[in-house]
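Below: one structure in structure tokens.
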Amino acid sequence: MALWGGPALSAEPAAARFPIVTQTEDGAPIPRSAGLPYAPKNLPDRIVLTPGSDPAREMAVAFRTDTAQAESRAQIAVSVDGPTLEEKARLVGGKSMPVDSSYGRALYHHIRFTGLTPDTVYTYRVKGAAGWSEWYQFRTAADDAKPFRFLYLGDIQNGILTYASRVIRQAFHANGDIRLVVHAGDLVAQRDDLDHDDEWGEWNQAGGYNYAIVPQVPATGNHEYVDDVQPDGSEVYRLGPYWPAQFALPANGAGPVKATTYYTDYQGVRFIVLDGTAAINLGSMQAQTDWLDRTLASSKANWNVVLFHQPVFTCARPNDTAEIKAAWKPVFDKRKVDLVLQGHDHCYSRLTSEAGREASAQARADGTVQGPVYLVSVTGSKMYALNDRTPWQPDKVAEATELYQIVDVDPKKIRFRTFTASGKLYDGFDLERTGDGNRLIEIDEPTLAARRCTGDVGPDGGACVARAK
């Protein structure tokens, strides 16, 4: 088993690059989580498992401690069925980086587990100054296209612990053996809701131990960035300090944005993660587009799934995301991408044809193969009103509704199901692979009718919480 082999993390304190923000622009204090519970401690917390580019042989873990635990240490072993895990456990080292927050300085640790055996259950624990964490257990990916299940979450961002946590926990409670979780950006709000450290504390608490045993595949949203004030008073986006600290991601992405773009191959699926904010606002569009094309061209996977934040086809904003649509949609079409998973719009949309749902249904009836299926979803409490294209363009939409998606993958079939916060089936389809392309099949299971606000009344009978974008 190899030790950490990735690039060194910055030793520069985050506070030197990102001043701690304690008040809003009008001077009001930024809200904090009740009870101030998120100070770093002498035991590890914020433990997040992430896949390597080949998760059959490599996984990584990131976690936080107080500064008393200067060294990054983990133990890992092939799991056994008795309480003797430590006997054959190996000690593995890694890298740490300091992050200064309103709670003071903490250390974030990255440890990469390499040389693993495919389709094998491992157990690991990580060290703080006061001792070891509990043992966490994960299974490496199989070496072939073995069926598996993954969970797709849209923006968590707002009401993270208050509202979104129940959706995440419902997804895990009701759907066993989830092997991956993909996040379509804006995991937190940053700048809007709470102190940044509190937001990341709530994000970790909402997922709990599930984030430590199921590999997480996150994409950045615009709210993973902070506003960096320039000497002339202008503001530009800059990646916030918590992203590179919180996730130990594969270093195989597009050159200028390797911290936020990457891919991982899991049991017959290539997951490709892009950074829409850096593409639109920071000049990396061409680099990402070229990398996307190469990464799809080299894929030997049965299925290709692309994950990013700003949607190609919007369900809330008046206009589609023009820059991304112009640059990335032609690549999706040319390389026959299967699913495009997005967030940002704080509504739900499943779109199978830009020409609209009637044209899409007619094309299926005529035997036309299905191109990329575009999804937008939301998990947290912030909601936007549907735009004026949603009555005719997407196949199904929702507003003012918290959702999660369960996706079951077989070598020749994807089974996609969308559920509400309370576990009701809302939407679904199957993609079947044939010799000439995908066929989309609408499910015949009963689903909820489209959830929309009616004037000021929301779909649950209370106030409509979806605001116009």
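Suppose R0 equals 30 Å. What FRET efficiency, 1/(1 + (r/R0)^6) with r the Cβ-Cβ distance, do residue 143 and residue 388 give to the nearest 0.05?
With a Förster radius of 30 Å, E is 0.05.
Hey, with R₀ at 22 Å, roughly what FRET efficiency would residue 408 and residue 441 work out to, going by the Cβ-Cβ distance, to 0.05?
0.95
Counting other beta carbons within 10 Å of each Cβ, put 290, 427 in order, fewest first.
Lowest count first: 290, 427.
Rounded if a/c is under 1.5, else prolate if a/b is larger than b/c, else oblate: which is region 112-259, with a ≥ b ≥ c the root eigenvalues of its Cα gyration tensor?
Cα axes put region 112-259 in the prolate bin.
Largest first and in whole Å, give the semi-axes of region 14-139's equivalent ellipsoid, each being the square root of 5 times a Cα gyration tensor eigenvalue.
33, 15, 13
Could you check the spin-label model distance between residue 209 and residue 174? Points 7 Å from the Cα along Cα→Cβ, value in nm.
My value for the distance between the label points is 2.3 nm.
Mind listing P(r) for the chain? All alpha-carbon pairs, 20 Å bins, whole percents.
25, 59, 16, 0
Sequence-distant or interchain residues sharing an amide H contact under 5 Å with residue 458, placed H: which?
Hits under the 5 Å cutoff: 463, 464.
Could you tell me the distance between the Cα centroids of region 255-305 and region 167-232, to the nearest Å?
A separation of 20 Å, based on Cα centres.
Continuing with the same structure: So if each residue of separation counts as 0.36 nm, and I subtract the Cα-Cα distance between residue 119 and residue 361, what length gain in nm does that give?
83.2 nm
Calculate, for residue 319 and residue 34, the FRET efficiency according to 1/(1 + (r/R0)^6) with r their C-beta to C-beta distance and R0 60 Å; round to the nearest 0.05.
Rounded to the nearest 0.05, the efficiency is 0.95.
Related question: Among 86-96, 46-56, how do they line up by average Cβ neighbours within 10 Å per residue, starting with the highest?
Taking the mean over residues of other Cβ atoms within 10 Å, the ranking is 46-56, 86-96.
A further question follows. Could you give me the percent of Cα pairs per 10 Å distance bin for region 392-466, shortest bin first, beginning at zero and ending with the bin that holds the maximum distance?
The percentages, shortest bin first, are 18, 41, 27, 11, 3.
Read-outs: derived from the displayed coordinates by stated rules, not from any lab. A quick note: this is a predicted structure, and the numbers were derived from the prediction, not measured. Counting neighbours? That spans all protein chains shown, and the Cβs are built from the backbone with ideal geometry, glycine included.
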